[in-house]
1. Please express the Cα-Cα pair-distance distribution P(r) of the chain as a list of whole percents, one per 10 Å bin, running from 0 to the bin with the greatest distance.
2. Expressed in nm to one decimal, what extension gain is obtained for the pair Arg6 and Arg104 from 0.36 nm per residue of sequence separation less their Cα-Cα distance?
3. Determine the relative contact order of the chain: mean sequence separation of Cα pairs under 8 Å and six or more apart, normalised by residue count, in whole percent.
4. Please say if the stretch 32-87 is rounded, prolate or oblate, where rounded means a/c under 1.5 for a ≥ b ≥ c the square roots of the C-alpha gyration tensor eigenvalues, and otherwise the choice is prolate for a/b larger than b/c and oblate otherwise?
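What follows is calculated from the coordinates using simple rules that are stated; it is not laboratory data. Owing to the predicted nature of the structure, the values given are computational and were not obtained by experimental measurement.
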Amino acid sequence: MTIASRRGLDLSAHRSRLLTRAMVNGADLVLVMDARQADQLVRAFGCASERIVIAGDIDPVSGAGRAIRDPWRRSLAVFESSYARLDRCAAVLARTLPPPRDPRANRGSSGATST
């Protein structure tokens, strides 16, 4: 949380959760930190590999490697490095993915008219 707060994010209400099949099935895209996690998603949840993105693959900083190091129980420096890489990757995704669809946009398209 220290790293996030330095960047202006309040994560005090955030709680980790175990990943479930329902979460994976409900996601259009699943972002993971390394190939091992991608393999686990395929094996454990039957997630189609084309729905999985290894974050390091879209890191615009070259030479950083494919895997993003898991900072759990590591030094603050490792947290900072992992956070910075994930932040860069999230920025790439935000620029690349289409904006979310507004579910209200389809209302009224049934052809019915009101008087």
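1. 11, 32, 34, 13, 6, 3, 0
2. Here the answer is 31.6 nm.
3. In percent, rounded to a whole number, it is 19.
4. Oblate, since a/c reaches 1.5 and b/c is not below a/b.
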